[in-house]
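The values are calculated or read from the model by the stated rules, or taken from the named source; none is laboratory data. All of these numbers come straight from a predicted model, not from anything done at the bench. Neighbour counts are summed over all protein chains in view; Cβ atoms, including those assigned to glycine, are modelled from backbone coordinates with ideal geometry.
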Amino acid sequence: MKQSNNPTAHLLQACPAWVEKLSAIHHDDLSFEERLEMRKHLENCANCQTVRAEYRAMDALITNLPPVVPLDAMPTRLQELTGMREELSRSLLADDAHDVQDEIQMPASKQLPRSHTRRAVRLNLAAAVLIVSALVAGFFVLHTSHSADLHTLISSPRHTNVALQHNTYLDVIIGNGRGDSYAIDPSSGSIVWKHQVMTEPSNNPFSANGILYYSGVNNVLYAIDGGNGQALWHTQLGPNNQNNGIGWNLAANNDLVFVTTSNYISNKSTLYALDAYTGAIVWQKHQQGSQQLSVLAVSNGVLYGESDGLYAWSARDGHQLWHNPQLTAQGSDSMISALAIVIANGKMYFFAAPQSPSGSGGSIKASHQIEVADVSTGHLLHTITINATAPQPLGFAVSGNILYAAMNNGTGTSSLQAYNLSDDHRIWQKTFTSERIVTLSATNDHVYIGMQGPKETKTKTGPTAAFALLALKGSDGSQIWLWSNSTSLTLAVAAVEINGVVCIVNGGVVGVRASDGHQLWQTAFSQATGFPPAID
Amino acid sequence: MTRNLSYNASDSPDEPLPLPGDEAGCVELARKGNGLAFAWLFQHYNAPICTYIARLVGNDELGRDLAQETFVRAWKSLLGLSGELLFKPWLYRIATNVARSHQRHERLVRWLPLPRPEQVHTAYRPLSVEGPEELIGEREQVHQILGCLGAQARVCLLLQLHAGFSQREIATVLKISEKSVSSYVSRGREQFRQLYNQARGDSSQ
């Protein structure tokens, strides 16, 4: 047989009618109808599927090239033209003066309440490292199998806009002071879009209904279209100074995003409800008190929050539905990627806050129970005693009808417990000899738990792995697979399953097949760090 | 030590600057001759414009030089400009023209020759994203292949991937039809795919 000299002869070819459309990557490149048609075509055409996957991989090769080192400063010629030479000198002097002022004010910040101090630490860490969140809206739209009456955290009305279903990306936001964010295709690890906010992040990123929210240290909340990385809006929330900050938690439903701000000097907190698509303030509430107001979750038109006890407000207009000062949620550990509170079957699950000893002195008593409250009244229904010696509660994950609770035991071991959400009885419990649990997530019948230095990975010839991710069967806790590597842990690590691929963020991002733990791809990001994934 | 420009609204007490991130506000002030507002725009676009031009001409140092020229031209053109202005596409158009002009007149940029057809390896190897070690070795190859693409296809592809423009926006930047842009990006990708597979085949032999 005569061999072809055509260099393209060995390559799969896309259908001529679709070849140009396969190069469309921007949300606006194809109409809604064209996107639907293409999806149908791709379902039935292996060649076009392959060619498109290759185009995406090729895009990743180009976009992953290291960025060119930019100009050191505004060119002298341009400084002269714009009159900025004088301005620049003035600006540098002002910076120096500001630095001195910061040093003088440091003792005052040390007197902040414990929670405020923790936030300040978080801010500093967030500024120094990469922040990663998982944007899994599309995944949940397509694959969630929750029962109709089960509403999990921040999950109220499921997103049904087909045009946004391609938001099956992992979002990577970089805390390098420029607000670089990337969306990664979980099937290939390729970068789908990137966006730059030009502001240092202050908190975890948060995503819901195809929108990525990003809090800046300038107290501006930014909204980015998760489908294409385009900026949607930004809204200034309170004055831009160091006495004010945007709250750690956000929540969102189909129409509104809820966020709090606090002034650390006046102890005044404000709860805002913003239009998710325009950023306009729909309503706001003010609260005075040393306990910062924070948002916990929104579900079925009710917004839950915490300050001096737990609160419930109407999400639509902010009208207070109930307040129980006797209940205080501990929240998840800030260093673990997990949920702080779960709302399911009309009940609210959270770790009871540690008890302070009466009077001065004495140590804080750790929480030994999960509290279960009625979401319609705020009344405590019952408590679940944690079966551990000295538990340090870490956080939750939920999937199907099972609640997973992770905790450190304080004896060099950690444990994971699974509860049936119908009757709140424990189904199983596993104990691990790891230094600490760093990430917990669950999807369908899989629960993923990431650990630092688990002894289970030690072999006769090799040392203990720095990090291991265990995939367990949700129904009985049996191990499905274990993935480990020797990469030192970054500030926080995240692992979340998207479309059958578990994306592990720790330094870089690694894609692992959910069914068997086989590593599919790896994308390098310098100093990337995972933060709790936001799930909608 | 390099130090970034600070952005402080109190520098202009009579005309408070918009918030960082409010690009439209900065553009409006820059059009009125506000150097500080333009400094913010420079800071915002410095890195992407340098990278875009460097990829276009295949040389980082040259890319930075041409980026300087781009910002100078932008400042000069911006002053007194009236009517609606979409700054980002407008700036990328200037950057593209500066790079093209340089290539046309200076002829300093050399691209590696297109691989010969007989070098093509016939085994089918799908594209994939490799780990970081392999990527480092691959970078040079990617640079070379980008240089082998047709000029217009390369511009369209980089505007799409680096600047994040839609095909309609690229058409505005380059003042060509949307259909042409669609054709160029498709052609560029296909050409890249062929050359990449060809190069991988060669390197594996």
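When we screen A:Asn228, A:Asn203, A:Asn176, A:Asn240 for residues that are surrounded by fewer than 21 Cβ atoms within 10 Å (Cβ to Cβ), at pLDDT below 75 and under 29 Å from A:Pro70 (Cβ atoms), the only hit is A:Asn176.
Of the residues making up segment A:251-281, those that are more than 25 Å from the chain's Cα centre (by Cα) and either assigned to a strand (DSSP E or B) or small (Gly, Ala, Ser) (or both) are A:Ser266, A:Lys268.
Among the residues of segment B:49-89, the one identified as without any contact (Cβ under 8 Å) to a residue 40 or more places away in the chain, surrounded by fewer than 19 Cβ atoms within 10 Å (Cβ to Cβ) and among the hydrophobic types (A, V, I, L, M, F, W, C) is B:Val72.
Specify the residue that is surrounded by the fewest Cβ atoms within 10 Å (Cβ to Cβ); the eligible residues are those in segment B:112-159 that are in a loop (DSSP other than H, G, I, E, B) and modelled with pLDDT of 50 or more. Spell out the reasoning first.
Residues of segment B:112-159 in a loop (DSSP other than H, G, I, E, B): B:112-116, B:120-131, B:149-150.
This time we only want the ones that are modelled with pLDDT of 50 or more, so: B:149-150.
Working: B:Leu149: 22, B:Gly150: 13.
Ranking the qualifying residues of segment B:112-159, first place goes to B:Gly150.
Looking only at segment A:69-98, residues that are farther than 18 Å from B:Lys32 by Cα, modelled with pLDDT of 80 or more and in a helix (DSSP H, G or I) come to 2 in all.
If you go through segment B:21-48 and keep only what is surrounded by 24 or more Cβ atoms within 10 Å (Cβ to Cβ), facing another protein chain (nearest Cβ under 8 Å) and in contact (Cβ under 8 Å) with a residue 40 or more places away in the chain, you end up with just B:Phe38. Taking first residues from segment A:410-433 that are free of Cβ contacts under 8 Å to residues at least 60 places away in the same chain and partners that are surrounded by fewer than 15 Cβ atoms within 10 Å (Cβ to Cβ) and of a type in the set (A, V, I, L, M), the Cβ contacts under 6 Å between residues at least 6 apart in sequence or on separate chains come to A:Gly410/A:Ala390.
Which residues, taken from segment A:389-445, are hydroxyl-bearing (Ser, Thr, Tyr) and touching a Pro at 6+ places or on another chain (Cβ under 7 Å)?
Restricting attention to segment A:389-445, the residues satisfying the condition of being hydroxyl-bearing (Ser, Thr, Tyr) are A:389, A:399, A:404, A:411, A:413-415, A:419, A:422, A:431, A:433-434, A:439, A:441, A:443.
Of everything in segment A:389-445, those that are hydroxyl-bearing (Ser, Thr, Tyr) and touching a Pro at 6+ places or on another chain (Cβ under 7 Å) turn out to be A:Thr433, A:Ser434, A:Ser441.
Output the number of residues of segment A:26-45 satisfying the condition of being surrounded by fewer than 21 Cβ atoms within 10 Å (Cβ to Cβ) and either touching a residue at least 60 places away in the same chain (Cβ under 8 Å) or within 12 Å of another protein chain (Cβ to nearest Cβ) (or both).
At the first step, the residues of segment A:26-45 found to be surrounded by fewer than 21 Cβ atoms within 10 Å (Cβ to Cβ) are A:26-28, A:30-45.
Right, trim to either touching a residue at least 60 places away in the same chain (Cβ under 8 Å) or within 12 Å of another protein chain (Cβ to nearest Cβ) (or both) and you get A:26-28, A:30-32, A:34-36.
Of the residues in segment A:26-45, 9 are surrounded by fewer than 21 Cβ atoms within 10 Å (Cβ to Cβ) and either touching a residue at least 60 places away in the same chain (Cβ under 8 Å) or within 12 Å of another protein chain (Cβ to nearest Cβ) (or both).
Per-residue answers, yes or no, for (1) more than 14 Å from chain B (Cβ to nearest Cβ); (2) modelled with pLDDT of 80 or more:
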site	(1), (2)
A:Thr235	no, yes
A:Trp248	yes, no
A:Ala252	yes, yes
A:Val259	yes, yes
A:Tyr264	yes, no
A:Ser269	yes, yes
A:Tyr272	yes, yes
A:Thr278	yes, yes
A:Ile281	yes, yes
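The residues of segment A:255-271 that are under 28 Å from B:Ala24 (Cβ atoms) and surrounded by fewer than 24 Cβ atoms within 10 Å (Cβ to Cβ), listed by number, are A:Asp255, A:Leu256, A:Thr261, A:Thr270.
Just name the residue that is nearest to the other protein chains (Cβ to nearest Cβ) out of those in segment B:160-179 that are part of a loop (DSSP other than H, G, I, E, B) and within 15 Å of the chain's Cα centre (by Cα).
Of the residues in segment B:160-179, the ones part of a loop (DSSP other than H, G, I, E, B) are B:162-166, B:175-177.
Right, trim to within 15 Å of the chain's Cα centre (by Cα) and you get B:162-166.
Details: B:His162: 7, B:Ala163: 10, B:Gly164: 6, B:Phe165: 7, B:Ser166: 4 Å.
So, considering only residues that are part of a loop (DSSP other than H, G, I, E, B) and within 15 Å of the chain's Cα centre (by Cα), the one nearest to the other protein chains (Cβ to nearest Cβ) is B:Ser166.
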